[in-house]
Number of protein chains: 2
Amino acid sequence: MKLATLRNGRPDGQLVVVSNDLARCVSAGRIAPNLQAAMDDWERAEPALEALAIQLDADEITGQVFDPKAAHAPLPRAYQWIDGSAYMSHLERVRSLKGSKDEELQSIRPLLYQGGSDSLLAATAPIVVPSDDLALDFEGEVGVIIGAVPMGATREQASSAIRLVTVLNDVSLRRLVVDDLQNGFGFFHAKPSTAFAPIAMTPASLGANWRDNRLHLPIRIEVNDKLYGQPNAGIGMHFDFADLIVEAARTRNLSAGTIIGGGTVSNPHDQTLPLKSDGIGFACIAEARTAEKAKYGRARTPFLKPGDQVRIRAVDAAGHSIFGDIEQSVFLLSD
Amino acid sequence: MKLATLRNGRPDGQLVVVSNDLARCVSAGRIAPNLQAAMDDWERAEPALEALAIQLDADEITGQVFDPKAAHAPLPRAYQWIDGSAYMSHLERVRSLKGSKDEELQSIRPLLYQGGSDSLLAATAPIVVPSDDLALDFEGEVGVIIGAVPMGATREQASSAIRLVTVLNDVSLRRLVVDDLQNGFGFFHAKPSTAFAPIAMTPASLGANWRDNRLHLPIRIEVNDKLYGQPNAGIGMHFDFADLIVEAARTRNLSAGTIIGGGTVSNPHDQTLPLKSDGIGFACIAEARTAEKAKYGRARTPFLKPGDQVRIRAVDAAGHSIFGDIEQSVFLLSD
């Protein structure tokens, strides 16, 4: 089952069920007005939404054309957005960045940060930055939307709370990371609004591509139509999503509709950009730059600047973008 | 105008207008089903809520008895909870704590952290901790609930976006602060769910007690009925709420219903506990302990343990608890 949220003039948008090929959609308004309402009442809503999805895919319902440009993020605003860092090769590559700490490189417990969730960007929303010297970067990630999880939850409770899976862009202002980390209060200014693919889908509907609490698909990244990376989200994910949820619930309950990210998808290798068509590459620029520093003594790949475009998508074996594309261009606030 | 949210079996509760003396309330359901809905449509909702408040206080409406124990936090879940650190004497006192950093002591720009907002506790909700060795502390704070603020907002925009004022308890697990700060990703486990006074009220209804974007009232703190502090929230607040909002909006928009805290209320002095009845004291235990370390060479005041009770309230010149009391007892998760 694939879900999306269409713009309707209200902050939470309108929940729709989308056909498996992303061509058509049908309003889920008679089941739940928006995705948060469905999350609040998932036991009742989920079977009804599944039934609607089956009818839509069987052409028993015509529905309407699904226009991803008319979609919000699946949750245009959420009560919680927690980002983890589950891929060790990402941590290893960025630990050398100024302002990062050795303690960041840890494999016992996953690192988590509390992200801003009041304003989550649509897949095609512009990335607006207050100035062009903030070392703007993207981070291609997999995220899950969960049901309520009690404090001290087990891995089994955590795993069974995973309701939906999606792909996201954790927009990062690398120059402000240093300030944020030195302040000691954690990421704040360095992590402006996060963007989401238009589609969130159930783990069951991912079939064999979802197993061991991980998405086993490459996350393809293009900047200005050039391939930067296609690391597989199922490879090198040291902590799975159940681990991340257990860690997040150590000292508190997690409410329904909480979004948890797995951190920048990253596979071990010693490549640099430009990437061959079968290369693995990187899901963020910071990693590409540290690989260049190691190989050439200096970073070559620039951070994003106004006018640049980044495209992020998970692709299946047939090459289909199953969650739809994140496709964002960069703008200055003053423009 | 005083607003509260009563339990009604739904996650967001039911919005009510409360009489000025906190004795009675009336449903605001015909104006907005819950406080977030009112925040989403404040220009329309606010005058209608004000009119209802006037009728209630003039006894034109009888309403029902207001039972603060039946109240949620004004926003039982919010899309954003940002906590600042606006009182320099708090930062000065806690900078000596293990794990804190010299850079925390800064007076140029306020420090902010992104708090978890998916589960905000009622004033009388228990504080549940996973173990009794986490150095459980409270932080008595003033908070504001704001309307939408655009990225790069001016102080004037920020100030005029302040919709409601309340009092809160930023529950803190001091032992986990060290881990969280060393990880470099910021507060996470050290800051479980925050609790709120039952009442949020408009700045205008605070009269002279709200000026210069600050609440000018003492925040009275009692632990097991012993006075720990009554610092004035209007004294020593180096950054006012407009400053905090401007800082929060440096790299992103803030959505309606965002809650911003001013940090632990703290006034400069060299007192220690036990406090005289006219003493100033402390709005958190960590400050009391560092004052004791400075004076006696060791901390005497213990952190909270299961069975302890903390009461936090803002009191006006007549001694009234104008937002209602936060009154929480500590429990172990396993109990």
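The values are calculated or read from the model by the stated rules, or taken from the named source; none is laboratory data. The structure presented is a predicted model; accordingly, all values stated were derived computationally and were not measured. Backbone-built Cβ (ideal geometry, glycine too); neighbour counts: all protein chains shown. Side chains are part of the model used for accessible areas, which takes the heavy atoms of the whole protein and leaves out ligands, DNA and RNA. Shrake-Rupley method; radii C 1.70, N 1.55, O 1.52, S 1.80 Å.
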How big, in percent, is the set of alpha carbon pairs in region A:2-70 lying more than 14 Å apart? 52
Output field shielding_mean for B:249-260 (other chain Cβ, 10 Å radius) holds 5
For the protein assembly as shown, with +1 on Lys and Arg beta carbons and -1 on Asp and Glu, the positive-most of B:ALA299, A:ALA37, B:SER255 along the dipole: B:ALA299
How big is the charge dipole of region B:2-70 about its Cα centre, in debye rounded to the nearest 20, if each Lys and Arg gets +1 on its Cβ and each Asp and Glu gets -1 on its Cβ? 340
Cross-link pairs beyond the 26 Å C-alpha cut-off, checked among A:LYS191/B:LYS69; A:LYS69/A:LYS276; A:LYS191/A:LYS295; A:LYS2/A:LYS276; A:LYS69/A:LYS226: A:LYS191/B:LYS69; A:LYS69/A:LYS276; A:LYS191/A:LYS295; A:LYS2/A:LYS276
State the residue of chain A whose Cβ is nearest the axis carrying A onto B, and the distance in whole angstrom. A:GLY186, 1
If each label sits 7 angstrom from Cα along the C-beta direction, how far apart, in nm, is B:GLN309 from its counterparts in the other copies? 6.4
Around B:SER193, with a cut-off of 9 angstrom between Cβ atoms, what is the net charge of the other residues, counting Lys and Arg +1 and Asp and Glu -1? +1
Chain A: radius of gyration over Cα atoms, expressed as a fraction of 2.2 N^0.38 Å: 0.95
Calculate for the protein assembly as shown the 222 nm mean residue ellipticity that helices alone would give, adding -39,500 (n - 2.57) per DSSP H run of length 4 or more and normalising by residue count, nearest 500 deg cm²/dmol. -5500 deg cm²/dmol
Could you work out the mean count of beta carbons from other protein chains within 10 Å of each residue's beta carbon in B:75-81? 6
Average beta carbon contacts from partner chains per residue of B:267-279, 10 Å cutoff: 0
Scaled radius of gyration (Cα, divided by 2.2 N^0.38 Å) that region B:146-256 gives: 1.23
Pairwise label distance in nanometres, A:ASN8 with A:HIS238, each label 7 Å out on the Cα-Cβ vector: 4.4
Projected onto the charge dipole of region A:2-70 (unit charges on the beta-carbon of Lys, Arg, Asp and Glu, signs +1, +1, -1, -1), the Cα from A:ALA23, A:ILE54, A:GLY13 with the largest positive-side position is that of A:GLY13
Report the relative contact order of region A:2-70, percent, no decimals, based on alpha-carbon pairs under 8 angstrom and at least 6 residues apart. 31
Give me the number: length gained by fully extending B:GLU43 to B:HIS216, i.e. 0.36 nm times residue separation minus the C-alpha to C-alpha distance, one decimal in nm. 59.6 nm
Based on DSSP loop calls and a cut-off of at most 15 other Cβ atoms within 10 Å, the longest stretch of chain B free of exposed trypsin sites (Lys or Arg not before Pro) is what? B:102-275
If labels are modelled 7 Å from Cα along the Cβ direction, A:ARG10 lies from its partners in the other copies at nm distances, smallest first, of 1.1
Mind putting a number on the dipole of region A:27-154 about its Cα centre? Charges go on the C-beta only, +1 for Lys and Arg and -1 for Asp and Glu, and I need it in Debye to the nearest 20. 280
Between A:ASP308 and B:ASP308, what is the label-point separation in nm under the 7 Å Cα-to-beta-carbon projection? 4.9
Copies compared at B:PRO126 - label distances in nm, ascending, label defined 7 Å from Cα in the Cβ direction: 5.2
What is the local net charge at A:ASN253, summed over the other residues whose Cβ is closer than 13 Å to its Cβ (Lys, Arg +1; Asp, Glu -1)? +2
Among B:LEU176, B:PHE196, B:VAL144, the residue whose Cα sits farthest towards the positive end of the charge dipole of region B:102-215, when +1 is placed on the Cβ of each Lys and Arg and -1 on the Cβ of each Asp and Glu, is B:VAL144
In debye to the nearest 20, the charge dipole size for the protein assembly as shown, taken about the Cα centre with +1 at each Lys and Arg Cβ and -1 at each Asp and Glu Cβ, equals 980
Give me the number: length gained by fully extending A:ALA299 to A:ALA58, i.e. 0.36 nm times residue separation minus the C-alpha to C-alpha distance, one decimal in nm. 81.6 nm
Difference of contour (0.36 nm per residue) and Cα-Cα distance, A:LYS276 to A:HIS320: 13.8 nm
Please give the per residue accessible area of chain B, computed with a probe of 1.4 Å over protein heavy atoms only, in Å². 36
